[in-house]
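Read the figures in this text as sums done on the coordinates, not as results from a lab. The shown structure was predicted, so the numbers you read here are calculated from the model rather than taken from an experiment. Don't worry about glycine lacking a Cβ; one is built from the backbone with ideal geometry, like all the others, and counts go over all protein chains shown.
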Ligand code: GLV
Ligand code: MG
């Protein structure tokens, strides 16, 4: 059976310890569409080839009255569209909802041959993944499918975060995990009403010049807004790397604020994520750009790799480049960058 692990290929140079790599099929932008919305559904064929992943959303943002229409719409679109190199994912309704079982049963039975990944919301522990895994196995067997459908969990409850390591390890079908900042904020009783992104109240302030009231109240004290999601993203990345699966930032709800969206996506990229959700076509371009390493970073990484190759060694030792020391560890960092660039270029 193919597993998520088949997306990985070993690093070649210097035979370092295995590192997580992005899927051979990139998933920088996961573009959400509502299959029950005729305008959005009509745009799907035109988006094929312009985005790494198209995701038919059946869960939140689809009205209860439209759940069946969304499921049927996705089946119709999947049957009528040639997705080429673009992956087809879905987000099903949660496992405790009245729709989750029908979503999985219908989609695997009808379009399991073209469905790459099922995103499961509000996953709280390994038991949720075990349930989906066994159900998928039955449905695949019944439908005569030879290619397993992979599973992606959304991390959006406090309990899910507490159990993220066991969730990542729960099945060889696990492809990755996305941060779900909106539901997570509500579940944690955070005091933000935004869908992802930062908050102007979450900040640190430069120390006052002295203890005087003037210095404390001085408007010139620098203020730095912080990333509300740093802890969860880092924890999620570690759990994913431990299990050889892929971490993603989720939604950025302020569609108009393309600048802050890019900042949030870049933070996630720098922390180890391989992609993010797109809720509007303009976020596709942002995610595709941000989750691809820059030409300068790749050029530098290739110089370091070449310098080690010139030493004719096994990746051990150290070289000086532009006055900076590069050693086994920086070689591994550079290999992550080079491998990512090579895979995206394929
Ligand atoms: C996504 O589903 C979220 O809750 O942020
Ligand atoms: Mg959610």
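Ranked by the mean number of other Cβ atoms within 10 Å of their residues, highest first, the peptides 275-285, 65-75 fall in the order 275-285, 65-75. Based only on the alpha carbon positions, what is the Kirkwood hydrodynamic radius of segment 39-157, in angstrom? So the Kirkwood estimate lands at 14.5 Å. Bridge orientation summary for segment 132-252: considering DSSP beta bridges with both residues in this region, about 25 percent are antiparallel. Pairs of C-alpha atoms in segment 50-96 farther apart than 14 Å represent 51 percent of all such pairs.
Calculated FRET efficiency, residue 137 to residue 223, Cβ-Cβ distance, R0 = 45 Å: about 0.30 to the nearest 0.05. Select from 328, 207, 227 the residue whose mean-square fluctuation is largest in a Gaussian network model of the chain (Cα-Cα springs shorter than 10 Å). Comparing 328, 207, 227 in the GNM, the peak value goes to 207. The slack in the chain from residue 145 to residue 159, taken as 0.36 nm per residue of separation less the alpha-carbon distance, amounts to 1.7 nm.
Between residue 324 and residue 209, the contour length at 0.36 nm per residue exceeds the alpha carbon distance by 37.9 nm. Per-peptide packing, taken as the mean over residues of other Cβ atoms within 10 Å, places 256-265, 27-36 in the sequence 27-36, 256-265 from highest down. Hey, could you get me the Stokes-Einstein D for segment 281-346, Kirkwood radius over alpha-carbon pairs, 37 °C and 0.692 mPa s, rounded to whole µm² s⁻¹? Result for D is 254 µm²/s. Residues of segment 164-184 with backbone nitrogen within less than 17 Å of a virtual label 7 Å along the Cα-to-Cβ line of residue 199, please, listed as ranges. Residues 180-184 qualify, since their backbone N sits under 17 Å from the label point. Segment 67-130 and segment 265-317 have their alpha-carbon centroids 31 Å apart. Taking 7 Å steps out from each Cα toward its Cβ at residue 25 and residue 314 produces label points 3.8 nm apart. Beta bridges from DSSP with both residues in the chain: antiparallel share about 20 percent, rounded to the nearest 5. Over the chain, Cα pairs under 8 Å with separation of 6+ residues give a relative contact order of 17 percent.
Extending 7 Å from Cα along the Cβ direction at residue 344 and again at residue 66 yields two label points whose distance is 3.3 nm. Using the Cα gyration tensor of the chain, with a ≥ b ≥ c the square roots of its eigenvalues, what is the shape: rounded (a/c below 1.5), prolate (a/b larger than b/c) or oblate (neither)? Since a/c reaches 1.5 but b/c is at least a/b, the shape of the chain is classed as oblate.
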